[in-house]
1. Of the listed pairs 49/257; 127/187; 49/207; 119/283; 22/42, which have alpha-carbon separations greater than 19 Å here?
2. Roughly speaking, what % of Cα-Cα pairs in the stretch 1-97 are separated by over 19 Å, rounded to a whole number?
3. What is the diffusion coefficient of the stretch 223-274 in µm²/s, taking the Kirkwood radius over Cα pairs and the Stokes-Einstein relation at 20 °C with a viscosity of 1.002 mPa s?
4. Quick one: plug the Kirkwood hydrodynamic radius of the stretch 244-335 (C-alpha pairs) into Stokes-Einstein at 37 °C, 0.692 mPa s, and report D in µm²/s.
5. Provide, as a two-decimal number, the C-alpha radius of gyration of the stretch 288-355 over 2.2 N^0.38 Å, N being how many residues it has.
6. Check which residues have an amide H placed less than 5 Å from residue 104's amide H, if you skip close sequence neighbours.
7. Over all directions, how big on average is the projection of the convex hull of the alpha-carbon atoms in the stretch 193-291, in square nanometres?
8. Counting only residues 5 or more places away or on other chains, whose amide H sits under 5 Å from the amide H of residue 352 once H atoms are built in the peptide plane?
Amino acid sequence: MDRLKNGGMIRLSKSCLGELEKQYVLDVLDHEFLGMGAEVQKFEGALNKFFGRPVVCVSSGTAALHLALQGLGLGEGDEVLVQSLTYVATFQAITACGARPIACEVNQQTLCIDLEDAKRKFTPNTKVIMPVHYAGGLGNLDEIYEFASEVGIRVVEDAAHAFGTLNGVQRVGGFGDVACFSFDGIKNITAGEGGCIVTDDIQLLNKIKDSRLLGVQNDTLSRFKGERSWVPEVVEQGWRYHMSNVMAAIGLAQLEKFEQFSKKRRLLAKRYEKNLKNHQSIKTLKLDYDQVVPHIFVVRNVSSLSRDRIVNSLNEKGIQTGHHYFPNHRLKYFRQSFSGTLEVTDNIYEQLITLPLHPDLSIEEIDYITECLLLEIQ
Ligand SMILES: *Cc1c(COP(=O)(O)O)cnc(C)c1O
């Protein structure tokens, strides 16, 4: 495995780009129209086809979550049920609207929201439940939808990890209430940065089309024609959250490669599963890789060794690792409004190790990683 050591670290995650992305970006540069225009419209059209539902593109996954929540009218006094074990973006999108994130536990096997805990934390102020599709898995999403419809709240899926994941025969985003995706550099497909909202709620989509362009009414239509709204009307708070043509160009190329990326991610995850199966002290997540397109590969260290020791040893052998994620309820900004404890989350966080996963890895590299991991644990 000298090749691996000579080549530097095996990266935890990375963008996988080629000639197609370069070509599409150069075409946009040649046109000298870099803002939101025809390319974004084209990317939205391609995504619409992919999901089978209307799509609005924005500048990031965080912006997608923020605008979806704002568009649903979330504000002061409203509560959102969300797992603590997620990227800071999920929590910030909620507080950006003035609403309150209600930190919930996760299921140990999927690291998706623990619905029973969420039900206990439901109050008359609860307006939204935000399931995070951790690593690309959906947990018990069907039951979450049942619960939401019983109590009359909206579902905003943080599907940043789950681009391409299936629920039976349907793609995430192709069903349900509102799904938000991220196209940041390391997600299943990238647009450099970027994100999108997918929903059948046309009223919500129209609101978001305005709020991504500083709240200027119908500016999206002008921009797609290469024009501007010189006499604008603004009726509510908006943000400069639109996607640019340069980003859309990268996204269009990546979308063409999605099948190839998805196949590779699944192949590598299945290899991890095979290599780590039957090991008592390393637990993998309960995910079906014929359905899930995995964004990250996370294991739980339940050996007597500390996580730091294992991680240091992997790092020394040229393998980058990660921890997804530090629980949000322990961060200063969110801690203020949090009371109680999340024992499952706190315990699990100490066990989590994220191993490298991206389409440019080889089976040999996965074997090398698991070999190093198991050698340390023995
Ligand atoms: C990446 C990510 C986001 C936010 O997406 P950005 O495009 O980085 O703003 C939100 N939630 C989760 C779980 C993510 O991994």
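No value in this document is a laboratory result; all are computed from the given coordinates. What you see is a predicted model, and the numbers here were worked out from it, not measured in a lab. In this analysis, Cβ positions are derived from the backbone assuming ideal geometry, glycine residues included, and neighbour counts consider all displayed protein chains.
1. Flagged as over cut-off: 127/187; 49/207; 119/283.
2. 66
3. Translational D for this selection: 142 µm²/s.
4. 201
5. 1.34
6. Sorted by chain and number, the residues that satisfy this are 82, 83, 84.
7. 10.0
8. 301
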